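Right, one structure below, let's go through it.
The values are calculated or read from the model by the stated rules, or taken from the named source; none is laboratory data. All of these numbers come straight from a predicted model, not from anything done at the bench. Here the Cβ positions follow ideal geometry from the backbone for every residue, glycine too, while neighbour counts run over all protein chains shown. The accessibility values were calculated without ligands, DNA or RNA, using every heavy atom of the protein model including side chains. Shrake-Rupley method; radii C 1.70, N 1.55, O 1.52, S 1.80 Å.
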Amino acid sequence: MQKFSIVLGLCLMLGIGANAQSPSEAKPSFDCAKAKSNVEKMICNDKSGQLQNLDRYMGEVYTQLRKELKVSKFPDKEQRLKDLLDSQRAFIKNLNKIDRADFLQYDYDEEDTYRFRFWFLEESYENRITDLLKLLGKVLDSNNKELCEYARQHDDEFDESKWQEVPPSVNPPYSIGFCTFGTSSRYGMTTDFCTEKGEIIKEEIAKAFKHKGGEKFYFLDNTKMYKRKIDINNDGVPENLIFISGDYYEALWIYKNGKLDKASDKIYGDDLHFYGTGTRGILQGSLDSNVAVVFGLYALPSNKISQPLKFEFGSPMLGYLYYGVMEFKGKNYITLYNRRFQDDEKSTYPTERIYLLKGDKRELKCTYEKRYYKIYIRKN
């Protein structure tokens, strides 16, 4: 385990990481070619990619927290840095429990042993990430005080006068947005109107338009779409930004030359969005089971929305993740609210994010816990 501690510790302090990826491309914060401990090997051999991405994301949060602490004005920041390092070492040491005999005394076979270890590592990482995010939020509040105070009051505002609604249509940009992100309705299947390559089936969508009182039309009309010319990258060049809003998700993407522009990928960063068990349990017990399915996914598979997605479930790909735009002192910020802990009353996971895009760079400026106890329909 000592080797694991050295490798992982160095990776975290040096800020080594990778972009959020699909399970087949997932990478942890350390080099799997040098994996020797049982913990390292289990993370690297996880075919789902969940443990690898949890490890990578923890490394990214830890690295930013150290960076923000170093430039903070806390009078005791050196002690805070020491406490952070000590707590990280304690976390890594705790992972060593998977090798303890008493830890495995209730396992019955090899498969059961693996499952028990996996759950322990998954929960350990999720708890550590939550703790690090909470610490990071406090430091960001200090480093970006004016912005974070403003965000807490205005992160869910939507000035409809600045946006033009895009009505349901067989033509872009509506058809592109619909077939890329799916719908925000729990009724029907996106595959009724879109191919696996993300192309609209014009005949089917036209039929739905003819029967405006029908269930299929409601399936289309439930998701609202808006467009606006705005400099979302803060590089002095306005983009055609498309905003999609609904009951179960919100999304942003850039429309250029009649298609979804690859620059849209920059809007979605490396955040790993796990979920609250209470929220998922309620969804699984209702008609929203399709939405619950995507709780095991990240914000977007491979973090590249410019590539057509396959609708294996026909459900929203951004289930319970709400993106938006906030303006502050001449800059445009991306807001993100994670509703995946809505029904987990004891959760302290920071559910709100404020990001700044500066060309190719994407910076987390604020993160804090915020709850919406009523049904969350922010824009409709």
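Using the Stokes-Einstein relation with a Kirkwood hydrodynamic radius computed over Cα pairs, the translational diffusion coefficient of the range 126-175 at 4 °C and a viscosity of 1.567 mPa s comes to 90 µm²/s.
Against the empirical 2.2 N^0.38 Å (N residues), the range 48-177 has a Cα radius of gyration ratio of 1.57.
Tell me, in nm to one decimal, what length is gained between residue 123 and residue 197 on full extension, where the rule is 0.36 nm per residue of separation less the Cα-Cα distance?
23.1 nm
In this simple spin-label model, placing a label point 7 Å from the Cα along the Cα-to-Cβ direction at both residue 149 and residue 206 gives a separation of 5.8 nm. The 1.4 Å probe gives accessible areas that order 44, 194, largest first, as 44, 194.
Within straight-line reach of residue 358, meaning a Cα separation under 18 Å, sit the following lysines at least 8 residues removed in sequence or on another chain: 229, 262, 266, 329, 331. Spin-label model, residue 116 to residue 348: label points 7 Å out along the Cα-to-beta-carbon direction sit 2.9 nm apart. Annotation: residue 161 carries an accessible surface of approximately 100 Å², with a 1.4 Å probe and no ligand, DNA or RNA atoms counted.
Each of 253, 163 has its accessible area taken with a 1.4 Å probe; listed largest first, they run 163, 253.
With both labels modelled 7 Å from their Cα along Cα-to-Cβ, the residue 157 to residue 221 distance reads 3.1 nm.
If you wrap the tightest convex hull around every Cα atom of the range 135-238 and split its volume per residue, you get 179 Å³. For the range 205-287, the set of trypsin sites (Lys or Arg not before Pro) satisfying both a DSSP loop assignment and a count of at most 12 other C-beta atoms within 10 Å is given as 212. Working note: Cα gyration tensor of the range 204-252, eigenvalues times five, square-rooted, sorted largest first, giving semi-axes of 31, 12, 6 Å.
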